[in-house]
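A short write-up of the structure that comes next.
The values are calculated or read from the model by the stated rules, or taken from the named source; none is laboratory data. Since the model is a prediction, treat every value here as computed from it, not as a measurement. Don't worry about glycine lacking a Cβ; one is built from the backbone with ideal geometry, like all the others, and counts go over all protein chains shown.
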Amino acid sequence: MNKLIRREQLFHLISAHFKEIIREPEVLFWGIIFPILMSLGLGIAFTKKADIVRHVVLIDSGRIGMAEPRQPSGLDLFLQQETEKITPARDEPLRYKITITNEHLGNTTFVFWKTGWENAMTLMKRGSLSVVITETDNRIQYHFDPSNPDAQLTYLKLSQILGSEESTRREAADSVEALTVRGTRYIDFLVPGLVAMGIMMSCIWGISYGMIEKRSQKLLRRMVATPMKKSHLLMSLMIVRMAMNLIESALLLIFAHLVFDITIQGNPAALLAIFLAGNIAFAGIAIFVSSHTEKTETGNGLINVVVTPMVVLSGIFFSYRNFPDWSLPFIQNLPLTLLADGLRSIFIEGAGFAEISVPAATLAAIGIFFFSIGLKIFKWH
């Protein structure tokens, strides 16, 4: 008589499938370790901290075309009496901080940078701050992008600190000036980051996964019999991918220009130089990742190990200044961060060859280094 459920058979099938899964390290990584790493990285950037730090620039009165006041202004008195002075590093502007405690909403620390308009606009374009404050005839003015919700929240909190009386807060609402400086919008920050991420994704996935798949299907084995050099094969993959990236990036920039009026403020030749350097870097990394890998499952894991941390950390969708200070030196030297920062400096800061020479040379060196290793350990099957 046939049983509806054969427990022993079902048990062995479950056991066999379970062993098949746990014997693949890639499954364990993607099912257990990777979600933990993602939650850790995003949690550090976005979860509630003991202090939420907001950076604000105070424009020196002597730097906005006014004579130096005989007596300290209201903002100067506020800095002297209410804030704590931060000892600046070399070539850094003066900074002051004040922490507003709130038992229910959490603490907020404001860091005030005292500098000029030019440096303030550079910091804003890089996403390091969202509000600029000036004072004219003892009247405080707030300069920010009204479409930026973070800037609006910063303004609301600042207006309560700098003008505690209700009448003063009402006057503060009339002192808001929308920033019209080109390059300070979020879309200006986002588009260069998307170009950088597109280069990385196209190189890593287009080269690495394609080569691993060909190796797993025994297609590379057939090429051994031909007189083709493996260096020629790898360089051809790089060249084709660079050409595709150039077309894709050009289409994205044309769209951004037509829809959002985004323009290149820096040197177009410098833009091309760092674009090529970024392609060399990620193509070299892609070849290294795929040079010895046979299984597509393993290839998926390796590719995502390379790609995902940089997408999260490198400031593509938000400023990496959200991460703790101790992590910034590491983040700033990631290949994707070097590329994104270099592209942004040309797009929205007006940079040229002098500003991008070091990151471009670093990216090219990274690509050549990994390409050389990948070429050496490359195997056909």
Does the stretch 238-257 include one or more residues that are closer than 16 Å to Gly374 by Cβ, assigned to a helix (DSSP H, G or I) and hydrophobic (A, V, I, L, M, F, W, C)?
yes
State which residue is modelled with the lowest pLDDT when the search covers only the stretch 71-90 and only residues that are of a type in the set (Gly, Ala, Ser) and surrounded by 10 or more Cβ atoms within 10 Å (Cβ to Cβ).
Ser73
Could you check the stretch 273-302 and list, in sequence order, the residues that are more than 17 Å from Ile356 (Cβ to Cβ) and polar (S, T, N, Q)?
Ser290, Ser291, Thr293, Thr296, Thr298, Asn300
Top-ranked residue in the stretch 353-363 [being touching a residue at least 40 places away in the same chain (Cβ under 8 Å) and exposed (fewer than 15 other Cβ atoms within 10 Å of the Cβ); ranked as farthest from Phe189 (Cα to Cα)]
Ala361
Residues of the stretch 117-144 that turn out to be more than 26 Å from Thr337 (Cα to Cα), surrounded by fewer than 20 Cβ atoms within 10 Å (Cβ to Cβ) and touching a residue at least 60 places away in the same chain (Cβ under 8 Å), as a count:
2
Just give me the residues in the stretch 351-366 being of a type in the set (Gly, Ala, Ser) and over 20 Å from the mean Cα position of the chain (by Cα), in sequence order.
Gly352, Ala354, Ala365
Given the conditions (1) modelled with pLDDT under 85; (2) surrounded by 13 or more Cβ atoms within 10 Å (Cβ to Cβ); (3) more than 29 Å from Phe112 (Cα to Cα), which single one is not true for Gln152?
(3)
Any idea which residue in the stretch 313-333 is surrounded by the most Cβ atoms within 10 Å (Cβ to Cβ), counting only those that are modelled with pLDDT of 85 or more and under 10 Å from the mean Cα position of the chain (by Cα)?
Ser314
In the set Ala225, Ala243, Ala173, the lone residue that is at pLDDT 80 or above and surrounded by fewer than 16 Cβ atoms within 10 Å (Cβ to Cβ) is Ala243
